[in-house]
Every structure is written in C-alpha cells, then in structure tokens.
Amino acid sequence: MLRDAYPFIIPLGLLALLCLLLGWLYAPGWLIGAAVCCLLALFVAFFFRNPSREAPADERLIVSPADGRVVVVRLLDPQSPDSGTLVSIFLSVFDVHVNRSPLAGTITGIHYQRGKFMIATNHQASVENEQNVVTVENDLARVVFKQIAGVIARRIVFWKRVGDRVALGESVGLIKFGSRTDLILPPQVTVSVKRGDRVKGGISIIGKVNA
C-alpha cells in the first residue's frame, strides 16, 4: 500500500475508534458509524494498492502507463504519413491508480497544466482537464504521457524529476480516485492495442518501436 493512503486511513481509523467509544458509552447506533468508517478505510487501502509488476525486458517496447480500458486509439493527423498516435486509457475507481513509465529512458520534460475536472470518459478531458504532461526519451523514441484528472480525481502525484532515469514499467506517480492517462506515440511505433482492450500498467504492451 502506498504511503499516500495514510492521510485518509488514519483519520478514518480515529473516527472509527471514536464511534466505537460513543457506541459503548451512549448509544449502539454509533456502531454503524464505526462500521462505515472501517469500510471506507478498507476501500482506501484497496485503492492505494501497488501490486508488484515485472515489465518485459525489451527496451523497444512501449508498455501501458496505467491499468484501465483503452477508449481511444487514433492518428493525431490522419492526413500525414508521419503522424503520431494517441492512445487514451480510462481508469475507474476500482483500477490500480499507480502510473508507470511507458518507456525505458530519461525524463526530459514535466509540465503541469491547470484545467477543468470533466468526467474522464469525455474525450475533451484530454485537452481541457487538469493534467501533468511527462516526456520520456531514449535512443530509439520519444514518448509523451499525460496524467489527467477526472471529475473525482483532483490530485495528481508525480515522484520523479527532469533528468531522472526510469526503467520500463517503473512506478512514477499516481492519480487519486478515477482518472485518464494519455499516451502520444511517435510514428516509428507500431501500436498493438485497440479500443475496448483492458490493459495493466507496466506489463501490457501498447506498441513497439520499429527496428
């Protein structure tokens, strides 16, 4: 479980203890409040889980930066033979929300952009919602991925800095409570997913850099 869960779990645990005490001293009805607090604490622990993942060894691969469902796969400019590809992944509150590096390389750019908090399934969210835009590069490719806030997710966390080296599938941050993650892939990447596919961060292959 990520340490980011503690600011939620500790108050819920204290509130549960208070409700237990009030239920024991005054009215059994407080026990319902204690049960609700415990259930919420369990959900938070579930949400902030960080399962161990073993990424593929091939550094030409692009892996998913997040768990979720692919909702968009399209060329950024259908009129251009050298167009890059946009891949968008929607995360529900039940998905693992740890974000992972889609490419092995160096972080060369981080840009935080304030914006709206539209529902993450709305495709305009990719442009208008609050987001963190990260660029990762190696000798083969340059990949951009976006951590995009949603209607519930209003806290984007990123643990790395410009200049940091990252391994393929390495944990780099998270988006709290439902969100969207976009990948912008260069033209030399052959995309291997389609709309509707379920993917897992760090292990599902999104594409491969052409040799």
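The values are calculated or read from the model by the stated rules, or taken from the named source; none is laboratory data. Remember, predicted model here, so these are calculated numbers, not experimental data. Cβ atoms come from the backbone with ideal geometry, glycine included; neighbour counts cover every protein chain shown.
For the range 161-194, filtering for residues that are among the aromatic types (Phe, Trp, Tyr) and in a strand (DSSP E or B) leaves 0. When the range 65-97 is filtered for residues that are in a loop (DSSP other than H, G, I, E, B) and β-branched (Val, Ile, Thr), the ones remaining, listed by number, are VAL93, VAL96. Could you tell me whether any residue of the range 105-120 is under 25 Å from PRO78 (Cα atoms), at pLDDT below 85 and surrounded by 15 or more Cβ atoms within 10 Å (Cβ to Cβ)? Yes - at least one qualifying residue is present in the range 105-120. Entry remark, the range 41-64: residues being in a helix (DSSP H, G or I) and surrounded by 17 or more Cβ atoms within 10 Å (Cβ to Cβ) number 3 in total. Scanning the range 8-40 for residues that are of a type in the set (A, V, I, L, M), more than 23 Å from ARG155 (Cα to Cα) and surrounded by fewer than 17 Cβ atoms within 10 Å (Cβ to Cβ) yields LEU14, LEU17, LEU18, LEU21, LEU22, LEU25, ALA27, LEU31, ILE32, ALA35, VAL36. Here is the figure for the range 1-40: residues that are in a helix (DSSP H, G or I) and among the hydroxyl-bearing types (Ser, Thr, Tyr) total 1.
In the condition set (1) touching a Gly at 6+ places or on another chain (Cβ under 7 Å); (2) outside the structural domain of TRP159 (by TED's automatic domain parsing), ILE89 is compliant with all but (2).
Considering only the range 159-184, state which residues are surrounded by 22 or more Cβ atoms within 10 Å (Cβ to Cβ) and under 14 Å from SER101 (Cβ atoms). LEU168, GLY169, VAL172, LEU174, THR181, LEU183 - these are the residues of the range 159-184 that are surrounded by 22 or more Cβ atoms within 10 Å (Cβ to Cβ) and under 14 Å from SER101 (Cβ atoms).
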